[in-house]
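J.: Next up is a structure, given as structure tokens.
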Amino acid sequence: MLKIVNVVGARPNFMKVAPIHYLMKNSHKINPLLVHTGQHYDEKMSKTFFIELEMPEPDLYLGVGSGTHAQQTAAVMVAMEKMLQEERPDWLLVVGDVNSTLASSIAAAKLNIPVAHVESGLRSFDRQMPEEINRILTDSIADMLFVTEQSGLDNLEKEGIPSDKVCFVGNVMIDSLVQHLQKASQENTLKDMQVEPDQYVLMTLHRPSNVDNKENFIKILNAVQTIKKDYPIIFPIHPRSKKMIDEFGLQSLVDGVKLVEPLGYLAFLNLMSKAKLVLTDSGGIQEETTYLGIPCLTIRENTERPVTVEIGTNRLVGVETKDILGAYSAIFSELKKAQIPPLWDGKAAERIVDFFLNI
Ligand code: UD1
């Protein structure tokens, strides 16, 4: 039996690990342990996802919580090291680019436990983003790198990562989407929010560069005030953004916007799949809207997921009010028929688990 520790920590990790953990458990040749670092801990940021994705309770919960980057990363490293020394798994598997991803990888690498990184090779080339640092460092110490799109292969080759450590498997986040889309469509979310299909805008915003910076946050919300005149805007608000609206006193700029608590996976998927437009600064939502063919304006200067712009429905618009509104006026007439990127077919987790079964 191969013993593999699958790590989750923050909201965008859960839907990536769920299909991998499920297939490992059912392989009867792998003994997977699910370890939750506790980076995200609120019910709406964590537990709801376990229930909706039908994931088992974590085998171990490290309970690290929030903190500065150094505090959070260090807390995960200390707790992860202790757990790994006790469990001595054959592999550690991490996904994405959050602090828990990097911290767990460092702890394992120093104990000579091989690390597999899912979603390797993505690069925004913007080191102001904490996630970019996490991506570069995790990839540099990983022993097996699973890639979602061609740019990931190209970046890893340029960085000199040997090709026998790299495997193009597709996108596990899309596996979860494919599995849950039908169930999501039966949710009553649109009725609850009092909106009609294709007649509302869905927005998410939580990047520190957008919401921790007052000037940028105001520019974005000014654009939102104009778009709101055409369509109702639903804004499930991340705890970080909520805190910053209060701290900066920006309540008047979200007047008339449907501010709601963070939504569960199914409700959000339902809203996203029927939206007229999505405004976001999230990484994963750029991919999900591409798969769904929903127009997406990404409120960032760059993306580590260029395939979503090259063949998908995504447009990068930055933070300037006029640029956001310019792209908004043009997007519906300019939108070409989007394509689904190669290997985003709902079978990425199978390819990953096959790798471990064939070691
Ligand atoms: C983290 C990830 C980011 C990801 C995002 C998804 C890093 C560096 N960032 O950002 O890549 O896109 O998760 O949500 O890992 N908080 C709560 N409840 C929670 C968790 C957090 O209230 O359950 C609040 C705390 O005030 C905390 C703040 O949100 O200080 C930020 O949380 P943190 O995990 O540091 O980063 P995120 O902004 O969530």
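The values are calculated or read from the model by the stated rules, or taken from the named source; none is laboratory data. Keep in mind it's a predicted model, so treat the numbers as computed, not measured. Here the Cβ is made from the backbone with ideal geometry for all residues, glycine too, and neighbour counts use every protein chain on show. Protein only, heavy atoms only, side chains kept; ligands, DNA and RNA dropped before computing areas. Shrake-Rupley method; radii C 1.70, N 1.55, O 1.52, S 1.80 Å.
J.: Take the conditions in a loop (DSSP other than H, G, I, E, B), farther than 23 Å from Met129 by Cβ and of a type outside the set (Val, Ile, Thr) and apply them to Leu253. Does it pass? Lay out the reasoning, then the answer.
T.: Numbers: in a loop (DSSP other than H, G, I, E, B): no; farther than 23 Å from Met129 by Cβ: yes; of a type outside the set (Val, Ile, Thr): yes.
In short, no.
J.: Next up: Given (1) open to solvent by 40 Å² or more (accessible area, probe 1.4 Å); (2) more than 12 Å from the ligand (Cβ to nearest atom), identify the lone condition not met by Ala79.
T.: For Ala79, the failing item is (1).
J.: Here is a follow-up. Restricted to region 45-75, and to residues that are within 8 Å of the ligand (Cβ to nearest atom) and under 25 Å from Ala267 (Cα atoms), which residue is surrounded by the fewest Cβ atoms within 10 Å (Cβ to Cβ)?
T.: Met45
J.: What's the number of the only condition in (1) hydroxyl-bearing (Ser, Thr, Tyr); (2) within 25 Å of Ala18 (Cβ to Cβ); (3) out of contact with any Ser or Thr (no Cβ under 7 Å at 6 or more places or on another chain) that Ser252 fails to meet?
T.: That leaves (2) as the condition not met.
J.: Within region 155-221, considering only helices (runs of 4 or more DSSP H) that don't extend past its boundaries, which have at least 3 residues that are under 22 Å from the mean Cα position of the chain (by Cα) and under 30 Å from Thr321 (Cβ atoms)?
T.: Working: elements: 172-185, 189-193, 208-211.
Hits in region 155-221: 208-211.
J.: Here's a follow-up. Which numbered condition in (1) among the hydrophobic types (A, V, I, L, M, F, W, C); (2) touching a Ser or Thr at 6+ places or on another chain (Cβ under 7 Å); (3) outside any helix (DSSP H, G or I) is the only one that Ile113 fails?
T.: (2)
J.: While we're looking at this one, here's another question. Would you mention how many residues in region 92-139 are over 22 Å from Leu34 (Cβ atoms) and among the polar types (S, T, N, Q)?
T.: 3
J.: Could you please let me know if Val64 is farther than 11 Å from Gly9 by Cβ and without any contact (Cβ under 8 Å) to a residue 60 or more places away in the chain?
T.: On the way: farther than 11 Å from Gly9 by Cβ: no; without any contact (Cβ under 8 Å) to a residue 60 or more places away in the chain: yes.
Answer is no for this residue.
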